[in-house]
Protein chains: 2
Amino acid sequence: MANQSDTKTKILDSAEKLFAERGFSETSLRLITSKAEVNLASVNYHFGSKKELIRAVLARYMDVFMPAAAAAIIQVKQQKQCASLDDIFSSLVSPLLDLNTVRTEGTLIFLQLLGRGYIESQGHLRWFITTHYGQYLTQFVHAVAESAPEIPAAEMFWRLHFTLGTVVFTMASADALTEIAAADFEEHNDIEAVIRKVIPYLSAGVSAPVG
Amino acid sequence: MANQSDTKTKILDSAEKLFAERGFSETSLRLITSKAEVNLASVNYHFGSKKELIRAVLARYMDVFMPAAAAAIIQVKQQKQCASLDDIFSSLVSPLLDLNTVRTEGTLIFLQLLGRGYIESQGHLRWFITTHYGQYLTQFVHAVAESAPEIPAAEMFWRLHFTLGTVVFTMASADALTEIAAADFEEHNDIEAVIRKVIPYLSAGVSAPVG
DNA sequence: GTCTATAGAATGATAGAC
DNA sequence: GTCTATCATTCTATAGAC
């Protein structure tokens, strides 16, 4: 009991980093436990299975981010009666960057995990996210729809998924991209700089004239 | 020798489908050969290894698509002296859809493979693409940059990667998304419809005012 | 709660007969 | 060029001692 949460946390810390970098199926429990310096069997003792470990890793971020994001959106809608798309997207920057204070590289890891989960999973993660955090997602969709009332709902459905794709893919390759940008353009971007770059792109895309 | 290309083709046909659906590492050689109704050992006989099979699958599409895309861009630039971003992106639609005539679901499979390759690979596929098809990529980047001269080169680098992310992510989840759209909005989209939907989003994003 | 040891299943790859 | 048989490795998961 003494070191329970210590071992559990060591596993989570080690796992989230490796999952974000290499993907879920490319990361073995052996790698996780050796980096965490705990015994292989402890994963199954504390989490039951690899699948449940994956969900626990994601939940630790979602439980922090989702309520914070919801509060930020409510706040921006109170301050401006007609919040723009840029306002809505920008309001998410603080909750995202606050994840860096919770854990080293928290923002990057969270977004990479989200991307991996969306693309890799055969459904169990998508199901986990929508059933556990569906209320927040609905709230976000409504806020965006309000800010771009000229876009029909069906079109908005597609554009929000385009947006998710842009963010998730960018974050999954963020390390490689910042490296190339540094070499080719002598730009030195951290995660916040990348987020700030992507927002104008997203806003313009979501509110583009309907073909 | 008699059935050489027959077996080789059966393997490629079976592999590309499975790779696109499930990803590379989630697809075993056993699954590929059993669906292709060939012997397990034939993969290593014809391709040498799983890695080389993956490259061969991608190359079969790239060798068709890349020259066609290059020709389409040259053509649109000849017809209009000031081709817009929309013109450039739209010129790629035909080469993409022509892949459907080469193979059933060719367009979707190609784009899904591209996305999987970009995200999953630890470098060998990215290296393969840039060394074998780098000339085409450079040409494409130049064409886009010409059509949006107000965007600085470094910013354009980022926006083109945002664009790539949007496209490959959308295609990787295209099946799920069209299903949801059909259920929720009674929209029935094929791959061409999805491509036509994404182009305005991309054009607006790439040419968005620089923050 | 943590450890060793191992079961049990799956994988990529290959040797060698035909 | 195709087959069977198998090797060597890796993986998740668990039983049982401490």
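Contact map, region B:18-40: first residue farther than 11 Å from B:Leu113 by Cβ and more than 8 Å from DNA strand C (Cβ to nearest atom), second residue outside any loop (DSSP other than H, G, I, E, B) and of a type in the set (D, E, K, R), Cβ cut-off under 6 Å, separation 6 or more or different chains; pairs are B:Ala36/B:Lys10; B:Val38/B:Lys10.
Screening B:Ala145 on (1) open to solvent by 30 Å² or more (accessible area, probe 1.4 Å); (2) of a type in the set (Gly, Ala, Ser); (3) under 11 Å from the mean Cα position of the chain (by Cα) shows it passes everything except condition (3). Across region A:99-117, the qualifying residues are those that are farther than 18 Å from A:Val168 by Cα and touching a residue at least 12 places away in the same chain (Cβ under 8 Å), and the one among them that is least open to solvent (accessible area, probe 1.4 Å) is A:Arg103. Might you check whether a residue that is away from DNA strand C (no atom under 16 Å from the Cβ), out of contact with any strand residue (DSSP E or B) (no Cβ under 9 Å at 6 or more places or on another chain), without any contact (Cβ under 8 Å) to a residue 60 or more places away in the chain and closer than 25 Å to A:Val210 by Cα occurs anywhere in region B:58-68? No, the conditions are met nowhere in region B:58-68.
Number of residues in region B:156-173 that are touching a residue at least 40 places away in the same chain (Cβ under 8 Å), out of contact with any helix residue (DSSP H, G or I) (no Cβ under 6 Å at 6 or more places or on another chain) and over 13 Å from B:Ser203 (Cβ atoms): the value is 1.
Restricted to region A:41-53, and to residues there that are within 8 Å of DNA strand C (Cβ to nearest atom) and hydroxyl-bearing (Ser, Thr, Tyr), the residue that is farthest from the other protein chains (Cβ to nearest Cβ) is A:Tyr45. Of the residues making up region B:108-116, none is more than 30 Å from A:Leu18 (Cα to Cα), at pLDDT 95 or above and away from chain A (no Cβ under 14 Å). With respect to the stated conditions, A:Phe162 fails to be over 24 Å from B:Phe185 (Cα atoms) and at the interface with chain B (Cβ under 10 Å from one of its Cβ atoms). Among the criteria (1) of a type in the set (A, V, I, L, M); (2) more than 10 Å from chain B (Cβ to nearest Cβ); (3) surrounded by 22 or more Cβ atoms within 10 Å (Cβ to Cβ), the one A:Ile151 does not fulfil is (3).
A single entry from A:Ala68, A:Ala72 fulfils the requirement of being within 24 Å of A:Leu125 (Cα to Cα) and hydrophobic (A, V, I, L, M, F, W, C): A:Ala68.
Within region B:12-34, being at negative phi, outside any helix (DSSP H, G or I) and buried (at least 19 other Cβ atoms within 10 Å of the Cβ) holds for B:Phe24, B:Thr27. Scanning region A:54-72 turns up no residue that is more than 16 Å from DNA strand D (Cβ to nearest atom), within 14 Å of chain B (Cβ to nearest Cβ) and open to solvent by 40 Å² or more (accessible area, probe 1.4 Å).
Residues being more than 13 Å from every other protein chain (Cβ to nearest Cβ), without any contact (Cβ under 8 Å) to a residue 12 or more places away in the chain and open to solvent by 60 Å² or more (accessible area, probe 1.4 Å): count how many of those fall in region A:118-136. The qualifying residues number 2.
The residues listed here are B:Ile191, B:Ile195; of these, the one that is more than 7 Å from every other protein chain (Cβ to nearest Cβ), within 27 Å of A:Val194 (Cβ to Cβ) and either open to solvent by less than 20 Å² (accessible area, probe 1.4 Å) or of a type outside the set (Lys, Arg) (or both) is B:Ile195.
Taking the conditions exactly as written (assigned to a helix (DSSP H, G or I), touching a residue at least 12 places away in the same chain (Cβ under 8 Å) and over 21 Å from A:Glu187 (Cα atoms)), does B:Ile180 satisfy them or not? So B:Ile180 does not fit the description; no.
Highlighted here are the helices (runs of 4 or more DSSP H) found entirely within region B:35-131 that include at least 3 residues which are among the small types (Gly, Ala, Ser): B:50-79, B:106-120. Checking each residue in region B:14-48 for being away from DNA strand D (no atom under 14 Å from the Cβ) and of a type outside the set (A, V, I, L, M) picks out B:Glu16, B:Lys17, B:Phe19, B:Glu21, B:Arg22, B:Gly23, B:Phe24, B:Thr27. In region B:161-188, how many residues are more than 26 Å from A:His124 (Cα to Cα) and open to solvent by less than 30 Å² (accessible area, probe 1.4 Å)? Looking only at that region, the number is 2.
The values are calculated or read from the model by the stated rules, or taken from the named source; none is laboratory data. Predicted model, so just to flag it, every value in this text is computed and none were measured. Note that each Cβ is placed from the backbone with ideal geometry, even for glycine, and that neighbours are counted across all protein chains shown. Heavy atoms of the whole protein, side chains included, go into the accessibility calculation; ligands, DNA and RNA do not. Shrake-Rupley method; radii C 1.70, N 1.55, O 1.52, S 1.80 Å.
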